1. Test each condition in (1) more than 23 Å from residue 99 (Cβ to Cβ); (2) at pLDDT below 95; (3) in contact with a helix residue (DSSP H, G or I) (Cβ under 9 Å, 6 or more places away or on another chain) for residue 9 and report the one that comes out false.
2. Considering only the stretch 87-97, I want to know if a residue exists there that is in a helix (DSSP H, G or I) and at pLDDT below 65.
3. Go through (1) more than 19 Å from residue 5 (Cα to Cα); (2) at pLDDT below 55; (3) within 13 Å of the chain's Cα centre (by Cα) one by one and return the number of the condition residue 67 breaks.
4. Considering each residue of the stretch 12-23, count those that are assigned to a helix (DSSP H, G or I) and either surrounded by 13 or more Cβ atoms within 10 Å (Cβ to Cβ) or in contact with a helix residue (DSSP H, G or I) (Cβ under 8 Å, 6 or more places away or on another chain) (or both), and give that number.
5. Taking the stretch 101-112 only, how many residues are surrounded by fewer than 11 Cβ atoms within 10 Å (Cβ to Cβ) and under 16 Å from the mean Cα position of the chain (by Cα)?
6. Among the residues of the stretch 39-52, count how many are in a helix (DSSP H, G or I) and either touching a residue at least 60 places away in the same chain (Cβ under 8 Å) or surrounded by 13 or more Cβ atoms within 10 Å (Cβ to Cβ) (or both).
């Protein structure tokens with residue numbers, strides 16, 4: 001299984017999607033998705049972009065090497081304009097967390113902001 005295929009499969013399973021559901025979300029045939037996940041084929045950039053959009057992650061989450069190609073032309077896929085490559089990569093990793101893990105991280109951040117009065121005032125302004 002290729003690295004990108006493993007990531008596609010992991011994200012699909014994290015979302016509790018079948019390959020058929022992913023086909024509906026991306027327009028990529030289920031047979032092709034199966035080939036990617038098994039490592040028989042590697043998706044080209046246009047397909048990686050479709051997967052990234054369907055999963056709501058940056059292209060870098062699926063393939064960092066493609067980020068150099070896709071980043072400037074497809075900045076909207078990178079989750080947030082103005083972030084450098086490291087920031088986009090970190091956001092992509094956060095997006096790979098389960099919903100429960102993301103909420104736990106959010107709660108942790110909020111508690112730390114609330115514990116620092118200076119920081120919470122800066123954010124409110």
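1. Exception for residue 9: condition (1).
2. So in the stretch 87-97, the residues in a helix (DSSP H, G or I) come out as 87-95.
Then drop every residue that is not at pLDDT below 65, which leaves none.
There is no residue in the stretch 87-97 that is in a helix (DSSP H, G or I) and at pLDDT below 65.
3. Here residue 67 clears every test but (1).
4. Taking the stretch 12-23 as the starting set, the residues that turn out to be assigned to a helix (DSSP H, G or I) are 12-14, 19-23.
The next check asks that each one be either surrounded by 13 or more Cβ atoms within 10 Å (Cβ to Cβ) or in contact with a helix residue (DSSP H, G or I) (Cβ under 8 Å, 6 or more places away or on another chain) (or both); those that pass are 12, 14, 19-23.
Qualifying residue count for the region: 7.
5. Step one: of the stretch 101-112, the residues surrounded by fewer than 11 Cβ atoms within 10 Å (Cβ to Cβ) are 107-109, 111.
Filter once more, keeping what is under 16 Å from the mean Cα position of the chain (by Cα): none.
Number satisfying all stated conditions: 0.
6. The first filter runs over the stretch 39-52 and keeps only residues in a helix (DSSP H, G or I), leaving 45-52.
Those still in the list that are either touching a residue at least 60 places away in the same chain (Cβ under 8 Å) or surrounded by 13 or more Cβ atoms within 10 Å (Cβ to Cβ) (or both) too: 45, 47-52.
Matching residues across the stretch 39-52 total 7.
The values are calculated or read from the model by the stated rules, or taken from the named source; none is laboratory data. Since the model is a prediction, treat every value here as computed from it, not as a measurement. Neighbour counts run over all protein chains shown; Cβ positions are idealised from the backbone, glycine included.
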